[in-house]
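Every number in this text was worked out from the coordinates using simple rules, so none of it is lab data. Small disclaimer: the values here were computed from a predicted structure and weren't measured. For neighbour counting, all protein chains shown are included, and Cβ atoms are generated from backbone atoms with ideal geometry for every residue, glycine included.
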Amino acid sequence: MFGGRLPELTTDLAALEDSARARLSPEALGYIVASAGSGATARANRAAFDRRRIVPRILRGGARRDLSCTVLGTAMPAPVAVAPMGVQTLAHPEGELASVRAAAALGVPYIHSTQAAHSFEQIAEAGGGAPRWYQLYWPTDRELCLSFLRRAKASGFSALLLTLDTPLLGWRPADLDRGFLPFLRGQGIANYLSDPVFLAGLDKPLEEDPGAAALHSARLFSNPGLRWEELPFLREHWDGPIVLKGICAVEDAELAAEHGMDGIVVSNHGGRQVDGAVAALDALPEIAAAVGERLTVLFDSGVRTGADTAKALALGARAVLIGRPVLYGLALAGQRGVEHVLRCLLAELDLTLVLSGYTSHRQLTARSVREV
């Protein structure tokens, strides 16, 4: 403002989707923006945030604030991480490489998806010593699963997030009507195509029949037969924190605690899996009350702004994962766009807290918001 310059991208994070639509191809738009079925769950996610109102307090002092925290053993500048999102090259040619560099520039943890367009090793090189976690889709081949875990650990990923709400892909009309699934076109399967166990299972070398390799990866993703009894396998082969992602029911949160997990992510996959499901934010308070003393409770689904982040933290989340806004920033300006989104969100979170009477997110409680 003092220099008379305007920002390259809008600072209205809620408006990013409209800006990104002009940059995304129809296929990318359908895959990134659209949700399961009629979109009812995605709308419910946003409605749940809109129903909650922050209750500002005054005369509590706010000259010095501290948003830093340690979550799952990871030191963070704020309770925010980049959510795992696959095939980011749909948004920008550099895909996950741009996102991890942007996250590293701010010290924000980046979570790498199994279904990524870049491999573990490429992400490690791009991210340097910045914090990073790995999100696993447990494949039907246990040896491949073990190989993924070993490579992630060797590449410096410190925490493991097992996504459990996607044993099969949801009913997504935007993709179905276009006949589009990036993985079948060889996109978003870099972790597979660079894996020795996966390559050893191909009938022909990758370069001779890349289409067959893509089909083989689809057969391995994901694992609809997975059950609670198999979780000890992860504990046996992963020595860091283990988090279950996709929890919407108190009963499942309780089971996660009983099975020795370190945390959960309250999430409905951004509305991409089950049409008409409960809003993630509506599920959060009861789950946090039930297991928040035993598990690290994280949150995603529907978060668009710093104010949204504050609401989720007030309702029991220890940290919030940011998804689609990151992809919109990526589509608009690559690494610079992701950095812009993260900086805006962190700044808005800071301002929301201080203007509501808090010097730290740790002071937020359920009384900090009111449902209307």
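How would you rank VAL338, VAL372, VAL250, VAL87, going from fewest to most other Cβ atoms within 10 Å of each one's own Cβ? Show your work: numbers first, answer last.
Values: VAL338 34, VAL372 7, VAL250 15, VAL87 24.
Least to most surrounded, the residues fall as VAL372, VAL250, VAL87, VAL338.
Which whole-Hz ³J(HN,Hα) couplings does region 203-217 yield from phi under the Karplus relation 6.51 cos²θ - 1.76 cosθ + 1.60, θ = phi - 60°, glycine and proline marked x?
After applying 6.51 cos²θ - 1.76 cosθ + 1.60, I find 6, 10, x, 3, 5, 7, 8, x, x, 5, 5, 4, 5, 5, 5 Hz.
Would you list TRP138, TRP228 from fewest to most Cβ contacts within 10 Å? Kindly include the intermediate steps, with their values, before the conclusion.
Working: TRP138 24, TRP228 13.
Lowest count first: TRP228, TRP138.
Using DSSP, restrict attention to beta bridges with both residues in region 48-146 and report what percent are antiparallel, rounded to the nearest 5.
Working: 3 of 8 bridges.
That works out to approximately 40 percent antiparallel.
Rounded to the nearest 0.05, what FRET efficiency do ARG57 and ALA347 have when you use their Cβ-Cβ distance and R0 = 22 Å? All intermediate terms of the calculation are to be shown ahead of the outcome.
On the way: r = 20 Å, r/R0 = 0.93.
Plugging the Cβ-Cβ distance into 1/(1 + (r/R0)^6) gives 0.60.
For the chain, list log₁₀ I(q)/I(0) at each q in 0.07, 0.14 Å⁻¹, using the Debye formula over Cα point scatterers of equal strength and ignoring solvent, two decimals each.
Here log10 of I(q) over I(0) equals -0.29, -1.23.
Obtain the nm distance between the two label points defined at ALA218 and LEU355 by a simple spin-label model: each point lies 7 Å from its Cα along the Cα-to-C-beta direction.
Here the answer is 4.8 nm between the modelled labels.
Taking 0.36 nm per residue of sequence separation and subtracting the Cα-Cα distance, how much length would be gained by fully extending the chain between LEU169 and ASP239, in nm to one decimal? Provide the component values of the computation, followed by the final result.
Values: separation 70, 0.36 × 70 = 25.20 nm, distance 2.93 nm.
Length difference between fully extended and current span is 22.3 nm.
Would you mind giving the three semi-axes, in whole Å and largest first, of the ellipsoid equivalent to region 223-312 according to its Cα gyration tensor?
Taking √(5λ) for each eigenvalue gives 23, 15, 12 Å, largest first.
For region 158-268, I need the span (max minus min coordinate) of the C-alpha atoms along each principal axis, in Å, sorted largest to smallest.
For region 158-268, the Cα extents along the three principal axes come out at 47, 35, 24 Å.
Hey, in the GNM for the chain with a 10 angstrom Cα cutoff, which one of PHE49, PHE180, PHE221 fluctuates hardest?
PHE180
Are there GluC sites (Glu not before Pro) in region 1-88 that DSSP puts in a loop and that have at most 16 other Cβ atoms within 10 Å, and which ones? Let's see the in-between values first.
Numbers: sites: GLU8, GLU17, GLU27; in loops: GLU8.
Hits after loop and neighbour filter: GLU8.
Near the amide H of LYS245, under 5 Å away, which other amide H atoms are found, from residues 5 or more places off or on another chain, if H is placed in the peptide plane?
Distant-sequence amide H within range of LYS245: LEU162, THR163, LEU164, VAL265.
Any idea what % of Cα-Cα pairs in region 48-199 are farther than 22 Å? All intermediate terms of the calculation are to be shown ahead of the outcome.
Numbers: 5683 of 11476 pairs.
The share of Cα pairs beyond 22 Å in region 48-199 comes to 50 percent.
Averaging sequence separations of C-alpha pairs under 8 Å and six or more residues apart, then dividing by the length of the chain, give the relative contact order as a whole percent.
Working: 723 pairs, mean separation 100.7, N = 372.
About 27 percent, as a whole number.
Taking the number of other C-beta atoms within 10 Å as the exposure measure, put ARG43, ARG172 in order starting with the fewest.
On the way: ARG43 14, ARG172 20.
Ranking ARG43, ARG172 by Cβ neighbours within 10 Å, fewest first, gives ARG43, ARG172.
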